[in-house]
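Just below is one structure, and these are the notes that go with it.
The values are calculated or read from the model by the stated rules, or taken from the named source; none is laboratory data. Everything quoted here is computed from the prediction, not taken from an experiment. Quick reminder, even Gly has a Cβ in these numbers, built from the backbone with ideal geometry, and neighbours come from all protein chains shown. Protein only, heavy atoms only, side chains kept; ligands, DNA and RNA dropped before computing areas. Shrake-Rupley method; radii C 1.70, N 1.55, O 1.52, S 1.80 Å.
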Amino acid sequence: GTGIQVGPAGVLTATSFDGGLSGNIVAAACTFTTGNFTGNVTIGGTLTYEDVTNVDALGIVTARAGVNVSGGQLLVGSGVTIGYAGVATFSGTSDIHLHDSVRLNVGDGSDLAIYHDGTHSYIDDSGTGSLYLKSNQFMAIGANGETMIQATEDAGVYLRYNNSIKFETTNDGTVTTGIATATGLDVADKITH
């Protein structure tokens, strides 16, 4: 009839097709205005589609202009889930790897940045406020595992040299272990007055 046309070079054009075909259809190119598939469809090359409302893909999907997830969650691999409002959850053994000099920027004006420049690592706070490290215990640990600074809430602050406490705060004041050297202070004069 007039619904199916076979042109040169094996091009098949159909305005609609619905029927009980069996076997394989092999053609150089097929164009369907409407197609109904009740079973599986296997594409060996590139599938180009527009105005698709649902995609259930087991392999790799490449989107030319982005992917819009309007409901539910987007699962990337087995360890990253991106939910409503762009909140990402990382689980399992997934790592986030940023290359040298690629910054993790936080804040509307990117006021806080964390990055490594290939030589040094930075926590860069360029905002108008202060940088707060909030914890009930803070420790600065050296590369070889030695504690350099230790601060505990409702307790003391300890400064160490070669993993040995040299200065600490106590309930009564401070304690210095070893030689204390001060310049510009006349200790004898202050004691006598």
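It is to be established whether one or more residues within segment 48-71 are outside any loop (DSSP other than H, G, I, E, B) and at pLDDT below 85. No, there is no match, as no residue in segment 48-71 is outside any loop (DSSP other than H, G, I, E, B) and at pLDDT below 85. In segment 133-145, the count of residues that are assigned to a loop (DSSP other than H, G, I, E, B) and over 27 Å from residue 163 (Cβ atoms) is zero. When residue 162 is tested against (1) of a type in the set (S, T, N, Q); (2) more than 27 Å from residue 106 (Cβ to Cβ); (3) open to solvent by less than 90 Å² (accessible area, probe 1.4 Å), just one condition goes unmet, and that condition is (3). Looking for something under 10 Å from the mean Cα position of the chain (by Cα), open to solvent by less than 90 Å² (accessible area, probe 1.4 Å), within 25 Å of residue 58 (Cβ to Cβ) and at pLDDT 70 or above - is there at least one such residue anywhere in segment 86-103? Scanning segment 86-103, I find at least one residue that is under 10 Å from the mean Cα position of the chain (by Cα), open to solvent by less than 90 Å² (accessible area, probe 1.4 Å), within 25 Å of residue 58 (Cβ to Cβ) and at pLDDT 70 or above, so the answer is yes. Out of the residues in segment 146-180 meeting the condition of being hydrophobic (A, V, I, L, M, F, W, C) and part of a loop (DSSP other than H, G, I, E, B), tell me which one is nearest to the chain's Cα centre (by Cα). Filtering segment 146-180 for residues that are hydrophobic (A, V, I, L, M, F, W, C) and part of a loop (DSSP other than H, G, I, E, B), the one nearest to the chain's Cα centre (by Cα) comes out as 155.
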